[in-house]
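Enquirer: The structure's right below; bear with me while I get my questions together.
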Amino acid sequence: MKETPLSNCERRFLLRAIEEKKRLDGRQTYDYRNVKISFGTDYGCCIVELGKTRVLGQVSCELVSPKLNRATEGILFFNLELSQMAAPAFEPGRQSDLLVKLNRLLERCLRNSKCIDTESLCVVAGEKVWQIRVDLHLLNHDGNIIDAASIAAIVALCHFRRPDVSVQGDEVTLYTPEERDPVPLSIHHMPICVSFAFFQQGTYLLVDPNEREERVMDGLLVIAMNKHREICTIQSSGGIMLLKDQVLRCSKIAGVKVAEITELIQKALENDQKVRKEGGKFGFAESIANQRITAFKMEKAPIDTSDVEEKAEGIIAEAEPPAEVVSKPVLWTPGTAQIGEGIENSWGNLEDSEKEEEEGGDDEAIILDSIKMETGEVSDIGNQDAPIVLSDSEEEEMIILEPDKNPKKIRTQTVNTKQEKAPSKKPVKKRKKKRAAN
């Protein structure tokens with residue numbers, strides 16, 4: 001995805017603001033954005049925030065064979081990655097000209113300046129040396145990538161601890177952090193890059209340009225310096241001609257900024273080391289500010305509960321007692337009731353289906369009555385309360401046990417209802433016709 005170009009109106013607005021010595025974020029000409037450093041749970045992992053530009057630094061180590069021309073020196077390797085997560089214009093899997101330029105500038109700033117003692121990384125001369133790899137990932141791009149990357153690289157190197165080793169004859173023993181404490185790297189000085197943006201062919205100067213200011217600038221000057229005011233590297237890009245006085249003025253400004261950033265880095269390292277020794281909480285989760293959506297914890301506020309009972313009793317005493325109202329049940333139909341106020345119960349209203357069922361029940365009763373009237377073959381045997389049993393079988397013997405009487409055998413003749421159903425349909429039809437006429 002190509003980078004969205006600025007419109008002519010935006011470009012004119014930015015240049016007009018720079019001519020009036022104003023910036024979009026409210027900074028002055030020589031102001032640096034706020035620098036925030038946070039460390040991970042492992043040694044050598046850190047995140048550096050330069051305004052909204054964020055860079056993640058991770059240092060790792062490995063025992064390898066040394067180079068042939070430098071048998072007693074360790075190896076330093078720097079790798080900067082620009083992913084689409086930082087900006088849509090960055091293409092994955094492809095090294096752009098910007099990426100190549102930034103990697104070369106980092107190597108000149110950190111490796112060629114001899115800020116790390118590479119001879120201390122040698123384990124066995126000509127056989128085993130430590131290879132220190134610094135991986136830098138750009139998390140968010142808002143301008144001035146090289147400054148944030150250089151700060152993240154030197155902070156991660158200062159925070160890193162390599163495993164301890166011992167050599168006995170030809171055997172090299174590598175100790176875990178539980179067996180022996182890891183060993184920090186030997187760092188002589190901390191070079192830090194400071195970027196200067198020039199506008200209108202060097203007429204106007206800005207320190208730490210953001211992403212929009214980088215789009216309209218004519219040239220860029222990067223000075224890498226340590227707190228001893230020693231220039232480690234200097235690079236000018238953009239094709240503009242700078243005067244000697246301009247370069248000297250930029251170097252003086254860079255000396256002040258580097259001293260401030262170096263002091264900030266040392267304080268951050270001391271605080272992290274102090275928290276780790278005391279056994280406190282550390283890591284990226286602890287560096288997130290409280291009372292935010294992404295916060296993992298919130299501070300507990302003390303609550304005074306000494307006079308809660310007194311306040312509750314006072315509120316109850318002042319409140320009016322509720323009215324004693326006894327709700328009476330409302331009988332809508334037999335078998336249903338409603339207590340209290342509410343919507344009228346619809347269960348009491350008989351629906352059409354229920355009415356049809358009742359009419360069907362009356363028809364069944366009429367059919368049974370007609371069956372009883374036409375079949376008078378069942379005789380009363382014994383008492384009048386003798387039961388009448390209807391079944392499909394022709395004969396059935398029943399024994400009725402009655403108190404204070406001997407059991408009697410009763411033989412009843414059953415009525416085959418199937419044969420009698422046919423003549424009983426005619427009066428039913430007549431009754432239905434009479435009802436329809438009424």
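The values are calculated or read from the model by the stated rules, or taken from the named source; none is laboratory data. This structure is a prediction, so every number in the text was calculated from the model and none was measured. Don't worry about glycine lacking a Cβ; one is built from the backbone with ideal geometry, like all the others, and counts go over all protein chains shown. With ligands, DNA and RNA removed, areas are computed over all heavy atoms of the protein, side chains included. Shrake-Rupley method; radii C 1.70, N 1.55, O 1.52, S 1.80 Å.
Enquirer: Kindly indicate which of R161, R212 is among the charged types (D, E, K, R) and under 25 Å from T4 (Cβ atoms).
Expert: None of the others qualify; the one that does is R212.
Enquirer: Hey, any hits in the stretch 31-38 for a residue that's surrounded by 18 or more Cβ atoms within 10 Å (Cβ to Cβ) and touching a Lys or Arg at 6+ places or on another chain (Cβ under 6 Å)?
Expert: Scanning the stretch 31-38 turns up at least one residue that is surrounded by 18 or more Cβ atoms within 10 Å (Cβ to Cβ) and touching a Lys or Arg at 6+ places or on another chain (Cβ under 6 Å).
Enquirer: Further, regarding this structure: So is K114 in contact (Cβ under 8 Å) with a residue 24 or more places away in the chain, open to solvent by 60 Å² or more (accessible area, probe 1.4 Å) and touching a strand residue (DSSP E or B) at 6+ places or on another chain (Cβ under 6 Å) or not?
Expert: Taking the combined requirement at face value, the residue does not satisfy it.
Enquirer: Answer yes if at least one residue in the stretch 226-241 is part of a strand (DSSP E or B) and under 39 Å from the mean Cα position of the chain (by Cα), and no otherwise.
Expert: No: the stretch 226-241 contains no residue that is part of a strand (DSSP E or B) and under 39 Å from the mean Cα position of the chain (by Cα).
Enquirer: Can you tell me how many residues in the stretch 60-75 are under 8 Å from R133 (Cβ atoms) and of a type in the set (A, V, I, L, M, F, W, C)?
Expert: 1
Enquirer: I've got another one for you. State whether one or more residues within the stretch 140-157 are touching a residue at least 60 places away in the same chain (Cβ under 8 Å), touching a Cys at 6+ places or on another chain (Cβ under 7 Å) and of a type in the set (D, E).
Expert: yes
Enquirer: Given the options L105, L50, name the one that is closer than 25 Å to L264 by Cα and touching a Ser or Thr at 6+ places or on another chain (Cβ under 8 Å).
Expert: L105
Enquirer: Please give the number of the condition Q201 fails out of (1) under 17 Å from K244 (Cα atoms); (2) touching a Cys at 6+ places or on another chain (Cβ under 9 Å); (3) surrounded by fewer than 21 Cβ atoms within 10 Å (Cβ to Cβ).
Expert: (2)
Enquirer: Ok, one more. Give me a count of the residues in the stretch 39-55 that are over 25 Å from S186 (Cβ atoms) and not β-branched (V, I, T).
Expert: Final tally of qualifying residues: 5.
Enquirer: Name the residues in the stretch 1-24 that are of a type in the set (A, V, I, L, M, F, W, C) and either open to solvent by 100 Å² or more (accessible area, probe 1.4 Å) or in a helix (DSSP H, G or I) (or both), would you?
Expert: Passing the criteria: M1, C9, F13, L14, L15, A17, I18.
Enquirer: So, in the stretch 135-171, exactly how many residues are buried (at least 24 other Cβ atoms within 10 Å of the Cβ) and hydroxyl-bearing (S, T, Y)?
Expert: The number of residues fulfilling the criteria is 1.
Enquirer: Within the bounds of the stretch 90-103, is there any residue that is assigned to a loop (DSSP other than H, G, I, E, B), surrounded by 14 or more Cβ atoms within 10 Å (Cβ to Cβ) and under 36 Å from the mean Cα position of the chain (by Cα)?
Expert: yes
Enquirer: Looking at (1) in contact with a Leu (Cβ under 9 Å, 6 or more places away or on another chain); (2) closer than 21 Å to V123 by Cα, which is the one condition that is false for R180?
Expert: The failed condition is (1).
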